[in-house]
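Asker: I'd like to ask some things about the structure below.
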Amino acid sequence: MSPGPVLTSASVPRADLCPGKPPILRVPTPDQAGLPAWAAEHRHTLHGLVTEHGAVLVRGLALCDTGQVASVFGRLTPALMTDTEAFAPRQAYAPGVYSSTAWPANQPMCMHHELSYTHSPPGLLLLACLTAPTTGGATALADSATVLEALPPELVQRFEQHGWLLTRTYNDDIGASWTEAFGTDDRAAVESYCRANAVEFAWQADGALRTRQRRPAVVRDPATGRRRWFNQIAFLNEWTLAPEVREYLVDVYGPEALPFNTFFGDGEPIGEDVVHLINTVYDEHTVREPWQSGDLMLIDNIRTAHSREPFEPPRDVLVAMAAPRPPASFPPAPAAAPEGSTR
């Protein structure tokens with residue numbers, strides 16, 4: 001996160017820029033009834049900080065309920081996205097406003113870019129903390145261009161040439177079911193969505209859905225043209241899971257039907273060493289600031305990866321997504337669709 005100007009107006013006193021932390025904008029607590037108006041008034045200031053730094057944490061708003069957060073989110077961006085193809089369930093509080101992903105509190109969610117495997121991923125994330133955990137639970141950040149530059153050039157070249165492949169087997173036990181992920185129980189609607197979004201699919205004999213999608217691992221920043229590491233290669237790979245969790249899933253579902261897994265874009269497996277390397281580079285370029293109840297955070301989803309650290313419950317963070325990016329041009333995967341029924 002590069003240093004930038006300190007804001008000194010009466011309504012927005014300063015943005016603190018400290019090594020190892022995201023930019024923190026400390027504001028006088030507005031009248032709670034006037035929070036949506038405050039958000040509308042300072043929308044351009046906040047978006048400017050995100051453009052400058054890739055993210056900003058706003059402290060002092062004292063956000064305290066879901067309706068208030070939904071109103072603030074709605075003033076900060078003109079339209080919120082529907083969460084589709086989620087890898088784990090979320091609770092919807094208002095159109096486009098969701099709970100954090102259901103994920104065990106004692107397990108980290110390593111660095112990733114939200115919905116980077118979708119055809120039109122969000123360009124902006126909005127997060128609001130209603131209840132901060134006693135310990136842990138930070139939404140840590142990493143600059144995607146810095147991470148790209150720190151990765152071995154030969155690894156980047158391979159991913160840049162072939163992209164990355166995500167396979168999913170939706171079931172009712174682990175992660176989001178296909179009805180939760182696609183927001184419908186209509187198979188025809190799911191098939192139509194998959195065809196429109198370059199997702200290969202196959203219905204299994206037991207009714208499960210198996211999908212396969214190839215996406216670019218490196219993209220150009222739409223604002224600057226700078227190359228950025230943009231994917232969920234490590235996060236959704238089997239080797240990122242805790243060993244006992246991976247062993248359990250392989251034992252129950254088999255290595256070919258894990259709820260999710262990632263591969264090189266040519267279909268070759270990604271080794272444990274590669275996943276460890278990617279996560280290590282992320283760790284070396286991570287900034288973090290513990291949540292405080294009432295905080296707001298805006299993240300440029302292309303420029304900045306984010307993670308969720310283990311925590312002691314409770315932790316209540318609301319999430320919204322906006323500014324969908326146009327689909328990246330990428331050739332289809334060379335291998336066939338997963339075996340099953342129709343594509």
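The values are calculated or read from the model by the stated rules, or taken from the named source; none is laboratory data. Note that the structure is predicted; figures quoted are calculated from it, not measured. Counting neighbours? That spans all protein chains shown, and the Cβs are built from the backbone with ideal geometry, glycine included. Just so you know, the surface numbers come from the protein's heavy atoms only, side chains and all, with ligands and any DNA or RNA stripped out. Shrake-Rupley method; radii C 1.70, N 1.55, O 1.52, S 1.80 Å.
Asker: Out of (1) under 20 Å from residue 237 (Cα atoms); (2) touching a His at 6+ places or on another chain (Cβ under 7 Å), the odd one out for residue 143 is which?
Answerer: Residue 143 satisfies all of (1) under 20 Å from residue 237 (Cα atoms); (2) touching a His at 6+ places or on another chain (Cβ under 7 Å) except (1).
Asker: Just wondering, is there one or more residues in the stretch 68-81 that are farther than 22 Å from residue 300 by Cβ, more than 16 Å from the chain's Cα centre (by Cα), outside any helix (DSSP H, G or I) and small (Gly, Ala, Ser)? Give the steps one after another, and end with the answer.
Answerer: Going residue by residue through the stretch 68-81, those that are farther than 22 Å from residue 300 by Cβ are 68, 71.
Okay, now just the ones that are also more than 16 Å from the chain's Cα centre (by Cα), so 68, 71.
Cutting the leftovers down to outside any helix (DSSP H, G or I) gives us none.
Checked the stretch 68-81: no residue is farther than 22 Å from residue 300 by Cβ, more than 16 Å from the chain's Cα centre (by Cα), outside any helix (DSSP H, G or I) and small (Gly, Ala, Ser).
Asker: Restricting to the stretch 132-181, count the residues that are among the charged types (D, E, K, R) and more than 20 Å from residue 245 (Cβ to Cβ).
Answerer: Of the residues in the stretch 132-181, 6 are among the charged types (D, E, K, R) and more than 20 Å from residue 245 (Cβ to Cβ).
Asker: For the stretch 2-9, does any single residue satisfy the condition of being modelled with pLDDT under 95, closer than 18 Å to residue 138 by Cα and within 24 Å of the chain's Cα centre (by Cα)?
Answerer: no
Asker: Does the stretch 41-83 hold any residues that are surrounded by fewer than 16 Cβ atoms within 10 Å (Cβ to Cβ), closer than 30 Å to residue 184 by Cβ and not charged (D, E, K, R), and which are they?
Answerer: Within the stretch 41-83, 67, 78, 79, 82 meet the criteria.
Asker: Hey, residue 139 hits all of (1) surrounded by fewer than 21 Cβ atoms within 10 Å (Cβ to Cβ); (2) part of a loop (DSSP other than H, G, I, E, B) but one; which does it fall short on?
Answerer: (1)
Asker: Further question: Of everything in the stretch 144-166, what is open to solvent by less than 20 Å² (accessible area, probe 1.4 Å), outside any helix (DSSP H, G or I) and more than 19 Å from residue 321 (Cβ to Cβ)? Give them in sequence order.
Answerer: Once the filter is applied, which keeps residues that are open to solvent by less than 20 Å² (accessible area, probe 1.4 Å), outside any helix (DSSP H, G or I) and more than 19 Å from residue 321 (Cβ to Cβ), the stretch 144-166 yields 151, 163, 164, 165.
Asker: What are the pairs, 6+ residues apart or on separate chains, where a residue within the stretch 69-82 that is under 9 Å from residue 320 (Cβ atoms) has its Cβ under 8 Å from a residue that is open to solvent by 50 Å² or more (accessible area, probe 1.4 Å) and assigned to a loop (DSSP other than H, G, I, E, B)?
Answerer: 80/95
Asker: Output the residues belonging to the stretch 87-136 that are open to solvent by 20 Å² or more (accessible area, probe 1.4 Å), in contact with a strand residue (DSSP E or B) (Cβ under 7 Å, 6 or more places away or on another chain) and aliphatic (A, V, I, L, M).
Answerer: Hits for the stretch 87-136 are 92, 105, 130.
Asker: Within the stretch 12-31, identify whether any single residue is of a type in the set (Ser, Thr, Tyr), open to solvent by 40 Å² or more (accessible area, probe 1.4 Å) and not in a helix (DSSP H, G or I), and answer yes or no.
Answerer: Checked against the condition, which is being of a type in the set (Ser, Thr, Tyr), open to solvent by 40 Å² or more (accessible area, probe 1.4 Å) and not in a helix (DSSP H, G or I), the stretch 12-31 yields at least one hit.
Asker: Among 40, 62, 33, which is more than 30 Å from residue 282 (Cα to Cα) and in contact with a Gly (Cβ under 6 Å, 6 or more places away or on another chain)?
Answerer: 62
Asker: Hey, can you tell me all the residues within the stretch 105-142 that are of a type in the set (Val, Ile, Thr) and at pLDDT below 95?
Answerer: Listed by number, the list holds a single entry, 134.
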